[in-house]
Structure formats: C-alpha cells, structure tokens
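Worksheet: one structure, shown below.
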Amino acid sequence: MQMSISVDKNFNSRKAELLSYLRFRAIEYLNEIKQEFGERQFRQRATAVNRALGKEKQQLAAVIRQNAGREDWQADTILRANLLLMHCTNVVMLESRNDVWPYDYMAFSRRIGELWEPFVTTCFDYPIRTDVTLFIPPLFEDIKRRLTNEVRDFIQQLNISRDDKEHLLRYYDQVWHLVTSGEIKLELDLHFSIEGMRYIVDCKSGFGSNEKGNTNRLLLVASIYQHIEPEDYRCLLLVRAPEDENNHYLQILKRSDLWEVYCGAQTYPKVLEYSGFDLGVWMDENVTWMDDVSPQFLNSLEQNNLVKYLTW
C-alpha cells in the first residue's frame, strides 16, 4: 500500500497513488477512532473520521500551496492539483464513513450535494482567466443603513405636516422590523467580478421537496442585490441535477427574472466561460466514481440503490 505521495507539478496525474495514500491514512485514523468510540457510537465515529480526513486534506492543500509558490506553478496546474485532492478525499471520506455508519438514501443524497459545490467554487479560487477577481459581499446592515437614510431624507423633504412625517417614519420602521425578523445574509457560495460586473453565485445539487425556505431566501437576496446597483450585479444559480429532475421551486426562481438558472450539462460551460477552466472535461477524465470507489463501497451503494447519485 502506498504510504507517501509526491506533491509536485505532476500531482494531477497521481490519482491512484493519492487514493492509496489517503486510504492508508484512513485505516490509521479508524483504528484510533474505534478504540475511542464503541460500535454503538457510530455517529461519533463518522464525525471523527470525517474530521481527521478533512484535516489531512488541509495539510496536503498547504503543501500544494507552498510548493506551487516556491516552484511558480501555473494557475492551471494549481487548480488541477486541488481538484484531484478534493475528489480523492471525497472518495475516501465516503468509504470511511460508510464503514462505520452505512449510508441511507437521505444521508447519501445530501452528502453528495455538499461535495459538488466546492468543485465549482475552486475554479474561481485559482481562475485561468486573469481578469477574474473575488470580492467580499456587502453586509445587509450596510445596505439597510443606506436605504433607511435615503428614505428618511425623502420623507423629511415631503410637503406634509410633522405628524404625518412621524407616522410615515413609524410605518417605515415597522416594515423594516418585519423584513429583518429573521437573519438575512447576502453571502452566497461564490462572489466574483469581471470587467466591473459583479456575479453572485449559488450552487445547488438539486431542488427537492424541502426547498421552500431556501427558495424564498434566494428570491429575497437577489431582489436586494437588484436594488443596490442593478446594472452592476448578476445572480447566477448553478444546479448539478438536470432541470427535469428538479421540482417547482427551481421553476419559481427561473421565472422570477432575478436569477439566471443553469442546470445539469449547462453548468460546466458557464464555469468555463467565467473562470477559463473546462471543469466538465476535467470531471469526465478524473471523477470516475465507479472506478474510483472501493469494490466494497460500490457493492454497498448498489445494494441500497444509491449508485445514481454518482452521476455528475
């Protein structure tokens, strides 16, 4: 079994070595974890092994970052190395978690959804296009303060009595109270700018029956961005699942004219357009789930009818 891995410019060609190395690490971690937690503490075991492999991934990513800086790797080389590390870690995480707590339908579908989004966003952490810049999204409190001051100044200029102005201001404050009764975060999965246009991106594995709350939040967030500077912001929704596999909540967002929606095979050309990297081709060549996962794990997925979630 491979017990070490070389982190150099050819890292992206070492998938078999990396999988072997991570599996060896996983065995070490699981041996320790199984001594700490009993068999009935499967949730604790699952959390511990995911945390351990996550830390291993961070350590390898740090080595990639350091070597890339020292040896002046090209952006394409850095990106491919990080994508391969992400995929191989995902494979071993899924196998190890299943070893201590076998996946059911809900847990596996949710977990696969969580794993897809970072592949998209990482393409913008190391963009091939030189004109792509990440930016920090505004705070809702700042937007609220600006809008509040504008409306208050407007009300003060109205040719009405002082009592009427006070009534208007009181009603206005009540509306804000209703709007902000829940937490509003303008931060989504990805924020980047190209030539002065700012792109707000949310990545979703798919839209199921429990997406009502998330749909309403996305509508609210997009409408706020449109009221900031509508000509400077575009909201993009990238969905892993093909459009016909999503429910009506996706159609609500699509018909809203607030979100540009791209599903299934449409997503990867958009990633290529904006980041300069053909993620679809890279995934076809590297994210070969059926060959990458262990025979034992694949057999477990087949027995529980979960293989369909490995189609990206």
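Quick test for you: out of ALA46, ALA81, ALA62, pick the one residue that is touching a residue at least 12 places away in the same chain (Cβ under 8 Å), closer than 20 Å to TYR126 by Cβ and either open to solvent by 60 Å² or more (accessible area, probe 1.4 Å) or part of a helix (DSSP H, G or I) (or both).
That would be ALA81, the only listed residue that is touching a residue at least 12 places away in the same chain (Cβ under 8 Å), closer than 20 Å to TYR126 by Cβ and either open to solvent by 60 Å² or more (accessible area, probe 1.4 Å) or part of a helix (DSSP H, G or I) (or both).
With in contact with a strand residue (DSSP E or B) (Cβ under 9 Å, 6 or more places away or on another chain), open to solvent by 80 Å² or more (accessible area, probe 1.4 Å) and in a helix (DSSP H, G or I) as the only criterion, which of ASP284, ASP244, ASP291 stands out?
ASP244
Looking for whichever is open to solvent by 30 Å² or more (accessible area, probe 1.4 Å) and of a type in the set (Val, Ile, Thr) here; the options are ILE136, ILE155, ILE143. Which one fits?
Working: ILE155 fails: open to solvent by 30 Å² or more (accessible area, probe 1.4 Å); ILE143 fails: open to solvent by 30 Å² or more (accessible area, probe 1.4 Å).
One residue alone meets the criteria, ILE136.
Consider ALA222 carefully, then state whether it is hydrophobic (A, V, I, L, M, F, W, C) and either touching a Pro at 6+ places or on another chain (Cβ under 6 Å) or at pLDDT below 90 (or both).
In short, no.
The values are calculated or read from the model by the stated rules, or taken from the named source; none is laboratory data. Model, not experiment: these values are computed from the prediction. So basically every Cβ, Gly included, is an ideal-geometry build from the backbone, and we count neighbours across all protein chains shown. Just the protein is used for accessible areas: all its heavy atoms, side chains included, with ligands, DNA and RNA removed. Shrake-Rupley method; radii C 1.70, N 1.55, O 1.52, S 1.80 Å.
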